[in-house]
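Notes for the one structure printed next.
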Amino acid sequence: MALHILGISGSPVKKGNVGTFLNLALECLPQKETKREVIHLSGLKIQDCIHCNFCLTKQMPGKYCSLKDDAQVVFEKAEASDILVLASPVYFMRSSARMAALLDRFRVFVFGNLTGGKMKNKIGVSMAVSWLRNGGLETTHLAHILEFLTLEMIPASVHQGISPLGASACASSYGSGKFDPNVKLGIENDEAGLQSAKLILRRAVELARLVSK
């Protein structure tokens, strides 16, 4: 049975470095063994969690949260996935605000009267794109990994590939921070970063297979 992999891009730019990084990584997986889908938060309206506690007692099919926005679609796709991939640009040494807003809303999978525990034992993968090689990749990964742990998911890790914490790529040449106006998608030139994504996604598939047994 094919594994369902959901990738979520937290970039405000749909066809930018993060979305490209995510798509290139997913394309490397065997098509027959995986079903892959990507959600771009740039095209969705995701409000901040207001901690109204609706999800504790009032959830019903098709309505996990009181807020009326696009989050329900993401909830249902995440719930149906085997592997959740969080891909974010690095903003001030952390994950993007769009991604953070969604992750706060994932409390429906912790406390929800219908969905509490629904993410448990799924595999989580962190991906991050920074401008600088040492400009916040690992702190962004940590934000994603803490989310996985809170949801009782299993974070994928691999020793090879820049960082054991997640797939790591840079948008500037060699992570130098130098701007070249002729380069629109710098991550396409980051061979080490792309390799890190391939390795950790393969590991995620391996873990998902082990869990399914």
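The values are calculated or read from the model by the stated rules, or taken from the named source; none is laboratory data. Source: prediction; values computed, not measured. Virtual Cβ from ideal backbone geometry, glycine too; neighbours counted across all protein chains shown.
Brief remarks on what is shown
- Those residues of the stretch 19-34 which are surrounded by fewer than 17 Cβ atoms within 10 Å (Cβ to Cβ) and within 16 Å of the chain's Cα centre (by Cα), in sequence order: N23, E27
- Residues that are touching a helix residue (DSSP H, G or I) at 6+ places or on another chain (Cβ under 6 Å), part of a loop (DSSP other than H, G, I, E, B), modelled with pLDDT of 95 or more and surrounded by 15 or more Cβ atoms within 10 Å (Cβ to Cβ) do occur in the stretch 10-18.
- Tabulated pairs, the stretch 30-42, first in contact (Cβ under 8 Å) with a residue 24 or more places away in the chain and over 14 Å from V73 (Cα atoms), second assigned to a strand (DSSP E or B) and not β-branched (V, I, T), C-beta under 6 angstrom, 6+ apart or interchain: T34/L3; K35/H4
- Within the stretch 175-193, the residues that satisfy the criterion of being in contact (Cβ under 8 Å) with a residue 24 or more places away in the chain, surrounded by 16 or more Cβ atoms within 10 Å (Cβ to Cβ) and over 30 Å from N121 (Cα atoms) are G175, G186, I187, E188.
- Every condition in (1) free of Cβ contacts under 8 Å to residues at least 40 places away in the same chain; (2) small (G, A, S); (3) touching an Asp or Glu at 6+ places or on another chain (Cβ under 7 Å) holds for S196 except the one numbered (3).
- Remark: pairs (first residue in the stretch 8-22, in contact (Cβ under 8 Å) with a residue 24 or more places away in the chain; second residue acidic (D, E) and in a helix (DSSP H, G or I); Cβ separation under 7 Å; 6+ apart in sequence or on different chains) = T20/E188.
- Test: residue in the stretch 202-209 that is surrounded by fewer than 19 Cβ atoms within 10 Å (Cβ to Cβ) and in contact with a Cys (Cβ under 9 Å, 6 or more places away or on another chain): yes
- Whether a residue is surrounded by fewer than 21 Cβ atoms within 10 Å (Cβ to Cβ), within 20 Å of the chain's Cα centre (by Cα) and modelled with pLDDT under 95 was assessed, and A2 passes this test.
- Among residues of the stretch 85-114 that are basic (K, R), those with a beta-carbon under 6 Å from a residue that is part of a loop (DSSP other than H, G, I, E, B) and modelled with pLDDT of 95 or more at least six positions away or on a different chain give the pairs R98/G10; R105/C49.
- Some residue of the stretch 40-58 being out of contact with any His (no Cβ under 8 Å at 6 or more places or on another chain), farther than 24 Å from A128 by Cβ, surrounded by 23 or more Cβ atoms within 10 Å (Cβ to Cβ) and not β-branched (V, I, T): yes
- Count - residues of the stretch 82-113 that are more than 12 Å from the chain's Cα centre (by Cα) and under 25 Å from K198 (Cα atoms): 5
- Looking across the stretch 43-52, the residues that are assigned to a loop (DSSP other than H, G, I, E, B) and either touching a residue at least 60 places away in the same chain (Cβ under 8 Å) or not acidic (D, E) (or both) come down to L44, K45, I46, Q47, C49, I50, H51, C52.
- Candidates L67, L56, filtered to the one that is under 22 Å from N113 (Cβ atoms) and either free of Cβ contacts under 8 Å to residues at least 40 places away in the same chain or of a type in the set (F, W, Y) (or both): L67
- Residue match in the stretch 191-211 (condition: of a type in the set (A, V, I, L, M, F, W, C), part of a loop (DSSP other than H, G, I, E, B), over 17 Å from the mean Cα position of the chain (by Cα) and over 30 Å from M1 (Cβ atoms)): no
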